[in-house]
Amino acid sequence: MVRSAAGSVRYRKGGPNTVLRLALWEIWGSKCYWCNTPVLLNSTQIDHIVPQNVSEARLEELKSAYRLPIDFDLHDPRNLAPICTSCNGVEGKGNTTHVAPVVMTRLKYAEKRRSAVIARVLKFGRSGKVAEHLLQAAMADLSDPDIRQEFVEHAPAVVQTLAMTDPELGDYLSFHLVEVAVQSEAGDYQRVQVTLDSRGRTAVALLEKVCGSALDDVLQGPVIQLVEEISGRVTDGFEALESAEPITVGEPTSDFVTINVDSLDFRRFAGTVEFTFGGDFEASLSASLVRVRPDGDGTDDLQGDAVVSGSFSIDAVWELADDQTGVTAGDCIIDAWTQDLHAAR
Ligand SMILES: [Zn+2]
């Protein structure tokens, strides 16, 4: 029996890894997995989440620390992710081994996306010439003036063909990105990535130019509310952990919270404009837990780790009559929620 096709999808030292790079970039949402910033395919690199140059001995230690399978393959898509050049550079993520929860979270995401990455690579292998040419175009080195010129001359025909096939597709990769920072009462900053298509960009123009509100002012309240809601749900989750004995939970602290707004729509009525923001979040939190021992004799101190993700929506309204007030945002509603909680000594 030959090796399965899925097993053949792995990073090759010395390349070529172009199709694998394309697959990772697409399946991970065209973003750097480390800083979460949208990145073009031609400036994306493949990162080994557990570095590929670790010693045998260190790899064994990491396998046990990260609860990885015995036959863990460093070059398998379950250890690969797309990274931007600055995060992969000297100043970025580096090849140091990071604290366990952060790496474990990333490995979990890679595991979740592994089968889609493999399917994408295999599908590309079955595609024809057009896919190959388009990939070459996407990977073109635009820092070369001649290539750039060639790209600018010929790319519009492709984009037009795409837009005629499906109008939404013609605009799907428009990385209009703004970064909004909001501040909680405790003084913590929370970054919010806003990536919008043409409809969303129109909405921002309306919000800022017509309604006279700044995007970060509108998002301030709901985003702080979202961060608090995440913390509250994690606290509830730890308290409800399967345990015969009551658990007391300290205030969770977050290793990271990433919040992305990726849609913004609006509806105009006479004298009113309604905006709807949509987006998703991922967070890793930890908390100290205290559990009463089953025999009632004293307590155990535990460490709780939580990895959560989901999606949310925010409505905001602008009333022409109160043009002094600007846009008023309502509550942030969590529409989908998944959690993975662990408690250990
Ligand atoms: Zn990055």
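The values are calculated or read from the model by the stated rules, or taken from the named source; none is laboratory data. Keep in mind the model is a prediction, meaning the values are calculated, not measured. Backbone-built Cβ (ideal geometry, glycine too); neighbour counts: all protein chains shown.
Right, residue 42: within 16 Å of the ligand (Cβ to nearest atom), loosely packed, with under 15 Cβ neighbours inside 10 Å and of a type outside the set (A, V, I, L, M) or not?
Yes: the conditions hold for residue 42.
State whether the residues of segment 271-284 include one that is assigned to a helix (DSSP H, G or I) and either without any contact (Cβ under 8 Å) to a residue 60 or more places away in the chain or not assigned by TED's automatic domain parsing to the domain that holds residue 40 (or both).
no
What number goes with the only condition from (1) of a type outside the set (Lys, Arg); (2) within 16 Å of the ligand (Cβ to nearest atom); (3) in contact (Cβ under 8 Å) with a residue 60 or more places away in the chain that residue 11 does not pass?
Against the list (1) of a type outside the set (Lys, Arg); (2) within 16 Å of the ligand (Cβ to nearest atom); (3) in contact (Cβ under 8 Å) with a residue 60 or more places away in the chain, residue 11 comes up short only on (2).
Just give me the residues in segment 14-38 being within 14 Å of the ligand (Cβ to nearest atom) and either at pLDDT 85 or above or of a type in the set (Gly, Ala, Ser) (or both), in sequence order.
Keep residues of segment 14-38 that are within 14 Å of the ligand (Cβ to nearest atom), which gives 24-25, 28-38.
Matches in segment 14-38: 24, 25, 28, 29, 30, 31, 32, 33, 34.
Output the residues belonging to segment 289-298 that are within 22 Å of residue 253 (Cα to Cα) and surrounded by fewer than 15 Cβ atoms within 10 Å (Cβ to Cβ).
290
Of the residues that make up segment 233-246, is at least one under 14 Å from residue 191 (Cα atoms) and in the same structural domain as residue 180 (by TED's automatic domain parsing)?
Here is the first cut: in segment 233-246, the residues under 14 Å from residue 191 (Cα atoms) are none.
No - not one qualifying residue is present in segment 233-246.
How about segment 116-132: which of its residues are surrounded by 13 or more Cβ atoms within 10 Å (Cβ to Cβ) and in contact (Cβ under 8 Å) with a residue 40 or more places away in the chain?
Result: 116, 117, 118, 120, 121, 122, 124.
Filter segment 308-338 for residues that are loosely packed, with under 15 Cβ neighbours inside 10 Å and within 11 Å of residue 212 (Cβ to Cβ); which is modelled with the lowest pLDDT?
323
For (1) among the aliphatic types (A, V, I, L, M); (2) assigned to a helix (DSSP H, G or I); (3) closer than 17 Å to residue 26 by Cβ, each residue gets a yes or a no:
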| residue | (1), (2), (3) |
| --- | --- |
| 131 | yes, yes, yes |
| 136 | no, yes, yes |
| 140 | yes, no, no |
| 147 | yes, yes, no |
| 150 | no, yes, no |
| 163 | yes, yes, no |
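Checking residue 135 against (1) surrounded by 14 or more Cβ atoms within 10 Å (Cβ to Cβ); (2) over 28 Å from the mean Cα position of the chain (by Cα), which test does it fail?
(2)
Being more than 25 Å from the chain's Cα centre (by Cα) and either of a type outside the set (Val, Ile, Thr) or in a helix (DSSP H, G or I) (or both) is the filter here, so list the residues in segment 212-250 that pass it.
Just the residues of segment 212-250 that are more than 25 Å from the chain's Cα centre (by Cα), to begin with: 212-213, 239-250.
Result: 212, 213, 239, 240, 241, 242, 243, 244, 245, 246, 250.
May I ask you to verify whether residue 53 is more than 15 Å from the ligand (Cβ to nearest atom), part of a loop (DSSP other than H, G, I, E, B) and not charged (D, E, K, R)?
Judged against the criteria, residue 53 is a match.
For segment 25-41, state whether one or more residues are in contact (Cβ under 8 Å) with a residue 24 or more places away in the chain, more than 18 Å from residue 106 (Cα to Cα) and in contact with a helix residue (DSSP H, G or I) (Cβ under 7 Å, 6 or more places away or on another chain).
So far as segment 25-41 goes, yes, one or more of its residues are in contact (Cβ under 8 Å) with a residue 24 or more places away in the chain, more than 18 Å from residue 106 (Cα to Cα) and in contact with a helix residue (DSSP H, G or I) (Cβ under 7 Å, 6 or more places away or on another chain).
Could you run through segment 181-211 and say how many residues are crowded, with 18+ Cβ neighbours inside 10 Å and assigned to a strand (DSSP E or B)?
Selection size over segment 181-211: 7.
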